Amino acid sequence: WTGSRLPDWSPAGLVIVAFAEGRTSRVIETEGGWYDQRATIRLDPARTGVFVLHGTMRHGSGTIAAGIPVRVGAAPPWNGDSALPPLRATTDADGAWRIEVPESYRPVFAYGRRMRLEVDGERLDAQPRQAMWRNRYPDLPRATTDPESLDVPPPGSTTRHDVKIVLPRS
């Protein structure tokens, strides 16, 4: 919390996400409160294997969305994936994308129950000012996808998800 004083309310509970390279991530819930909340978290050795998400991305008009940086994250309102290293790809000339998700990340995505594929606005914003998309699709970094969320697939599976880019309304 930031500010000159704590608010008048107290959180009902806290959710803690723990991640360390070579370990399986973990999500725990604790009691609420502003002070003296303690938790011990044990991270087991990393689970082996991956599950794979792949598919194609198209613009709302149905045309292929090539060269778009994408990332996999947790579906809102859960944002526990911010504790994990980013899972990124770029669509190819056919709009195809593929991301392997380590099984050791599964507890974070399973807690939120859904995942999402999103346009990676951070990587788009880092591109040069003269990037072609800036003229044609200036709102692309804030775009969402349809469908907005995806099921967390079974362990070791490969699941296809075809999505469309939805630009924000100006």
Sort ASP146, ASP139 by heavy-atom solvent-accessible area, probe 1.4 angstrom, most to least.
ASP146, ASP139
With an 8 Å cut-off on Cα pairs and a minimum separation of 6 or more residues, tell me the relative contact order of the stretch 12-107 in percent.
32
Share of carbon and sulfur in the accessible heavy-atom surface of the chain [1.4 Å probe, %]:
48
Sorted by chain and number, the residues with a modelled amide H under 5 Å from that of VAL70, at a separation of 5 or more or across chains, are ALA89, THR90, THR91, ASP120
With unit charges on the beta carbons (Lys and Arg positive, Asp and Glu negative) and the dipole taken about the Cα centre of the stretch 56-170, which residue among VAL108, ALA89, PRO155 sits farthest to the positive side?
ALA89
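So with the 1.4 Å probe, I'd like the accessible area per residue for the chain, rounded to whole Å².
Here the residues of the chain average 61 Å² of exposed surface.
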Heavy-atom accessible area of TYR111 with all protein chains present, probe 1.4 Å, nearest 10 Å²?
70
Give me the dipole magnitude in Debye, nearest 20, for the chain about the Cα centre, with unit charges on the beta carbon: positive for Lys and Arg, negative for Asp and Glu.
260
What distance in nm separates the simple spin-label points at VAL15 and ARG136, each placed 7 Å from Cα in the Cβ direction?
3.7
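What net charge do the residues around THR90 carry, taking every other residue with its C-beta under 9 Å from that of THR90, with Lys and Arg at +1 and Asp and Glu at -1?
My count for the surroundings of THR90 gives 0.
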If each residue of separation counts as 0.36 nm, what is the full-extension length gain between ASP8 and GLU103 once their alpha-carbon separation is subtracted?
30.2 nm
Please work out the Cα convex hull volume for the stretch 1-127 and give it in Å³ per residue.
160
Using alpha carbon centroids, what distance separates the stretch 1-36 and the stretch 85-141, in Å?
27
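The values are calculated or read from the model by the stated rules, or taken from the named source; none is laboratory data. What you see is a predicted model, and the numbers here were worked out from it, not measured in a lab. Note that we place each Cβ from the backbone using ideal geometry, even for glycine, and neighbour counts take in every protein chain shown. Ligands, DNA and RNA are stripped out before the accessible areas are found, and what is left, the full protein with its side chains, is counted by its heavy atoms. Shrake-Rupley method; radii C 1.70, N 1.55, O 1.52, S 1.80 Å.
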